[in-house]
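Single-structure report; data block below.
The values are calculated or read from the model by the stated rules, or taken from the named source; none is laboratory data. Please read all numbers here as calculations on a predicted model, not as lab measurements. A quick note on method: Cβ atoms are made from the backbone with ideal geometry, for glycine too, and the neighbour counts reach across all protein chains shown.
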Amino acid sequence: MQESLDRLRIEADELRASRKRLVVAEDADRRAIERELHDGPQQRMIALAVNLQVARELVDSDPSAAREVLEDMGRDVALALEETAQLAQRIHPPLLDAGGLGPALRAAAVEAGVKTRIDVHAMQLPAEIAGAVYFCCLELLDLAGHDGAATIAIEVDNGVLALEAYTATASGAILETARDRIEGLGGVLVVESGSGSGVRMSASLPVSR
């Protein structure tokens, strides 16, 4: 009896620690996004407001100069839209809801510059499940690095999602946040990582309660 109580107490402590790590990690991500939003799109919007006033003043006196200012503004608008789209991807990619895990992961791999073989057989997943799996895979793509390579396989069988992901271009990873995401939804994630042997991530996660 006491052994069972001790085991339950340890599991409860581990769950609390896992949730705390996840909250801390998500808060750090949020702060990073806030900084990037301030340093990127927000600064471009300020510059656009200034240049708009300059263009107004030049449009009659120097139309050629006004056109140059407007062309610069067009480039700034394009960059601001690109930066905003990249930040949106990190918060919650629209393609995840519109197209599902497969298209969202393929887009993320292209954006990360990682040559990735993706095999996904999982449709209409609950939003929290799809989001957790997506961001776990994103961690692996980040580990693989630009010009790296990875494989991702996802399937659902008898109400359980199975994830297998591997990159040979990274090693020594723990992927603690990924583990917290999966375990927080009642799943199990195992990471195999050794010097020079790459990183393999295996997860099982119930998709029906």
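With respect to the conditions (1) over 18 Å from the mean Cα position of the chain (by Cα); (2) over 25 Å from Gln86 (Cα atoms); (3) touching a residue at least 12 places away in the same chain (Cβ under 8 Å), Glu192 falls short on a single one, namely (3). Among the residues that make up the range 80-92, is at least one of them crowded, with 19+ Cβ neighbours inside 10 Å, within 30 Å of Gly159 (Cβ to Cβ), out of contact with any Asp or Glu (no Cβ under 9 Å at 6 or more places or on another chain) and not hydroxyl-bearing (Ser, Thr, Tyr)? No: zero hits.
Considering the range 135-209, the qualifying strands (runs of 3 or more DSSP E), each wholly inside and each with 3 or more residues that are at pLDDT below 90, run over 188-194. Filtering the range 116-126 for residues that are more than 16 Å from Ser204 (Cβ to Cβ) and at pLDDT below 90 leaves a non-empty set. None of Gln43, Gln53, Gln89 is at pLDDT below 80 and either part of a helix (DSSP H, G or I) or not assigned by TED's automatic domain parsing to the domain that holds Ile182 (or both) except Gln89.
Would a scan of the range 161-183 turn up a residue that is touching a Phe, Trp or Tyr at 6+ places or on another chain (Cβ under 9 Å) and basic (Lys, Arg)?
yes
Pairs meeting the criteria (first residue in the range 35-47 and free of Cβ contacts under 8 Å to residues at least 12 places away in the same chain, second residue of a type outside the set (A, V, I, L, M, F, W, C) and part of a helix (DSSP H, G or I), beta carbons under 9 Å, at least 6 apart or on different chains) are lacking. What about Ala149, is it farther than 23 Å from Pro94 by Cα, small (Gly, Ala, Ser), assigned by TED's automatic domain parsing to the domain that holds Ala109 and touching a Lys or Arg at 6+ places or on another chain (Cβ under 6 Å)? Spelling it out, Ala149 is indeed farther than 23 Å from Pro94 by Cα, small (Gly, Ala, Ser), assigned by TED's automatic domain parsing to the domain that holds Ala109 and touching a Lys or Arg at 6+ places or on another chain (Cβ under 6 Å). Do the conditions hold for Val160, that is, is it closer than 20 Å to Leu105 by Cα and surrounded by fewer than 16 Cβ atoms within 10 Å (Cβ to Cβ)? Considered against the rule, which asks whether it is closer than 20 Å to Leu105 by Cα and surrounded by fewer than 16 Cβ atoms within 10 Å (Cβ to Cβ), Val160 comes out as yes.
If you go through the range 93-106 and keep only what is modelled with pLDDT under 90 and on the phi < 0 side of the Ramachandran plot, you end up with Pro93, Pro94, Leu95, Leu96, Asp97, Ala98, Gly99. Filtering His146, His121 for residues that are of a type outside the set (S, T, N, Q), closer than 17 Å to Gly102 by Cβ and out of contact with any Leu (no Cβ under 9 Å at 6 or more places or on another chain) leaves a single hit, His121.
For the subset of the range 122-134 comprising residues that are surrounded by fewer than 16 Cβ atoms within 10 Å (Cβ to Cβ) and outside any helix (DSSP H, G or I), which member is nearest to the chain's Cα centre (by Cα)?
Pro126
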